[in-house]
Amino acid sequence: MIKAATNQSQGMLLFKLTHQQSFAIGTLKVKEIVPYTPLTAIPHSHPTVLGAASLRGDTLPVIDMAKAVGYPPLTKDELKNSYIIITDCRRMLVGFVVRGIDRITECNWHNIDAPPSSLGKNVFVTGVTNVDNKLVQLLDVELLLSKVFPDSPDSLHPILTDVEREVLRPLKILLVDDSAVARRQLSQALDSISIPYFIATNGHDALDMLKHAAGAGAPFDILVSDIEMPGLDGYELAFEVQNTQQLSHAYIILHTSLSSEISVSQAHQVGAHEALTKFEANELIHAMLRGAEKKNSIELA
């Protein structure tokens, strides 16, 4: 029996990048919030990197978040009264300077909507919600970091043999992620080895696709899903899949940008076969190969 979905409590940290607009990130990504501290210059760094900070034995880069997402950078006077949000994401500690901290608030992640078209091409916004009748924009931290610290091309392109490629090619694979940069990374990894796949941008659409495919007699074999998604998150999606008979044969791979053993443990509790901290293409492909091996062993049994 698969345990009930365990939705680790995650609120939202509300902060200011401008004097009017509120922004947020999920609290599971936040390690600490500290007042601004003098920084050490990093030669040849990205223009949005203000320098490096030494905190509790760790040296980490510090980014002007406002500048990174297209707003006016903080002035020297503003820096004196600013705060640094220390995040743990994409396997690295990074600090983000923001103009002000509002508060941490509880959040029903099912109530977060897709960004309205009125926001234009602000690709750093992954969702919007209302807090105290004010619009709050949820930032795509992964996309921001990918612009400042681009992935090495080697990490995006997996290496596998012709035999392994042919094992994966017949499988029906569904990729699910609300982050545009994560979807692009996943797509590039599979495109580079000519493996076909389908994509969903949220958990609800993914579940609909899984049910429709199963009802049509062509179920998905492998589900690769992000954990931290607004709406139906990866834990809940895995739980629904494992507890729906017509879907339960799918091999579930959950991935997370959080360097957390808790996230991995919870993934297994809700029925996921694998839990990965993203993104490393070879890890993902070998997880898929283990899914293919399990599928073949069941068919031969």
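The values are calculated or read from the model by the stated rules, or taken from the named source; none is laboratory data. A quick note: this is a predicted structure, and the numbers were derived from the prediction, not measured. Glycine gets a Cβ as well: all are built from the backbone with ideal geometry, and neighbour counts include every protein chain shown. Keep in mind that these areas ignore ligands, DNA and RNA; they rest on the heavy atoms of the full protein, side chains included. Shrake-Rupley method; radii C 1.70, N 1.55, O 1.52, S 1.80 Å.
Counting only DSSP H runs of at least 4 residues, each contributing -39500 (n - 2.57), and dividing by the residue count of the chain, the helix-based mean residue ellipticity at 222 nm comes to -8500 deg cm²/dmol.
Picking from H19, S257, G217, whose Cα lies most toward the positive end of the charge dipole for the chain (charges on Cβ: Lys, Arg +1; Asp, Glu -1)? After comparing all options, I get H19.
The relative contact order of the chain comes to 18 percent, based on Cα pairs under 8 Å that sit 6 or more residues apart.
Placing +1 on the Cβ of every Lys and Arg and -1 on the Cβ of every Asp and Glu, with nothing else charged, gives segment 167-282 a dipole about its Cα centre of roughly 380 debye.
Pairs exceeding 31 Å between alpha-carbon atoms, taken from K29/K294; K147/K211; K29/K134; K211/K294; K134/K211: K29/K294; K147/K211; K134/K211. Here the chain is treated with +1 on each Lys and Arg Cβ and -1 on each Asp and Glu Cβ, and its dipole about the Cα centre works out to around 600 debye. Taking every alpha-carbon pair under 8 Å whose residues sit at least 6 apart, segment 24-143 reaches a relative contact order of 23 percent. If you take the Cα centroid of segment 187-206 and the Cα centroid of segment 19-69, the two points sit 32 Å apart. Taking the 1.4 Å solvent-accessible surface of segment 151-208 as the whole, the part contributed by carbon and sulfur is 54%. Equivalent ellipsoid of the chain: semi-axes from √(5λ) of the C-alpha gyration tensor, largest first, are 36, 21, 17 Å. Relative contact order of segment 145-263, taken over Cα pairs closer than 8 Å and 6 or more residues apart, is 24 percent.
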